[in-house]
Amino acid sequence: MSVLVAQKRGFLFAVIGEQFVKEAAISAKSIKEQMPDASITLITDKSVNEPIFDRVIIESLRAEGHKGIKLYKPHALTMSPYDYTVFLDSDTYICKPCIELFRMPDHVDLALVHDTADTSTPKIDGEELHSFYPYNSGVISYKKLDRVHSFLKDWYEILDREYDEHPWDQ
């Protein structure tokens, strides 16, 4: 039996609106082409009929407008039905099997990639942090652990609190 069939490991998408459901379905099809046994869950705000998803979870926005969209991702990540989750943005396309993404949490609780397109220097309390690099939240591999759940809740709360100052950050 495949590691993925056991339902302990799976892919997660979190999208709002029909356009992004369609985009996620294209991405999900690319996963199934490379990894036919993969389990894929979609979290979205409206009922959908996309058979490529093994599970659909309906979750409403918690805030209006752009802020609600930005808050949706960290909240949805806490809802993963898997012990090992690979979250993907809807604009991803899988070109070959990527089982190693499910092995990352054997070594670290949560893994993200550097955002090579973002050349800004992060700041905390006005101080530039030259040794830290922005991350890309379009691919996230993580374990279902209390400390990861706490991190995701903190991400949500900080984003909610600081949205007006940093509306484009995640």
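The values are calculated or read from the model by the stated rules, or taken from the named source; none is laboratory data. Model, not experiment: these values are computed from the prediction. Note: ideal-geometry Cβ built from the backbone for every residue, glycine included; neighbour counts use all protein chains shown. Just the protein is used for accessible areas: all its heavy atoms, side chains included, with ligands, DNA and RNA removed. Shrake-Rupley method; radii C 1.70, N 1.55, O 1.52, S 1.80 Å.
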Comparing Tyr84, Tyr93, Tyr133 in a Gaussian network model of the chain (Cα, 10 Å), the one with the largest mean-square fluctuation is Tyr133
Which Rg and Dmax, in Å, describe the Cα atoms of the stretch 45-116?
14.3, 37
Principal semi-axes in Å for the stretch 1-99 [√(5λ), Cα gyration tensor, largest first]
23, 14, 11
To the nearest 10 degrees, how steeply does helix 146-162 sit against the main Cα axis of the chain, on a 0 to 90 scale?
50
With every protein chain present, what is the per residue accessible area of the stretch 1-89 (1.4 Å probe, Å²)?
46
I need to check one value: relative contact order of the stretch 85-146, counting alpha carbon pairs closer than 8 Å and at least 6 residues apart, in percent.
48
Where labels lie 7 Å past Cα in the beta-carbon direction, separation of Asp160 and Ile124 in nm:
2.2
Mind checking the per residue accessible area of the stretch 108-170 for me, 1.4 Å probe, whole number of Å²?
74
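Kindly give Rg over Rh for the stretch 101-170, based on alpha-carbon atoms, with the Kirkwood expression for the hydrodynamic radius.
0.99
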How large is the translational diffusion coefficient of the chain in µm² per second when you combine the Kirkwood radius over alpha carbon pairs with Stokes-Einstein at 37 °C and 0.692 mPa s?
196
Label model pair Phe132, Leu61: point-to-point distance (7 angstrom along the Cα→beta-carbon line) in nm is 2.9
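Carbon and sulfur atoms: what percent of the 1.4 Å accessible area of the chain do they account for?
Ligands and nucleic acids excluded, carbon and sulfur reach 51 percent.
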Go ahead and set up a Gaussian network model of the chain, Cα springs under 10 Å, then flag whichever of Asp83, Asp146, Asp54 fluctuates most.
Asp146
Sorted peptide list for 20-30, 63-73, criterion being average Cβ within 10 angstrom, highest first:
20-30, 63-73
For the stretch 129-158 and the stretch 54-92, distance of Cα centres in Å:
14
Can you list which of the GluC sites (Glu not before Pro) found in the stretch 112-167 are DSSP loop residues with at most 14 other C-beta atoms within 10 Å?
Glu165
Suppose each label sits 7 Å from its Cα in the direction of the beta carbon; what would the Thr78-Glu18 distance come out to in nanometres?
3.1
Which number gives the lysine pairs in the stretch 48-150 that have C-alpha atoms under 23 Å apart and are eight or more places apart or on different chains?
8
